[in-house]
Amino acid sequence: METVLVHVCESIDRSITVLRTFFLLAGVIAAAARTGILSDYLFVTGLLLQIAIWFQHWWIQKRTR
């Protein structure tokens, strides 16, 4: 069971950058289509994923120094 959980967590971790790009682009496209609040939610989700990625890199660098 532990190996399955580790595999799932690793695959989610690898997909975060793809999801970030998807949400940012979807937010920009939705804003161009004037969908209103949906574009805001999509774009902010992409930004939050970007902040999570930045924080993870920062935290790893801080721990290894």
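Annotations for the structure displayed:
- The relative contact order of the chain comes to 31 percent, based on Cα pairs under 8 Å that sit 6 or more residues apart.
- Sites ASP13 and THR64 - FRET efficiency at Förster radius 22 Å, r taken between beta-carbons, to 0.05: 0.80
- Cα-Cα P(r), the chain, percent of pairs per 5 Å interval: 4, 18, 17, 17, 16, 13, 8, 5, 2, 0
- In Å², nearest 10: area of ARG20 left accessible to a 1.4 Å probe: 50
The values are calculated or read from the model by the stated rules, or taken from the named source; none is laboratory data. Because the structure is a prediction, the values reported are computed rather than measured. Here the Cβ is made from the backbone with ideal geometry for all residues, glycine too, and neighbour counts use every protein chain on show. In case anyone asks, the SASA skips ligands and DNA or RNA and just uses the protein heavy atoms, side chains included. Shrake-Rupley method; radii C 1.70, N 1.55, O 1.52, S 1.80 Å.
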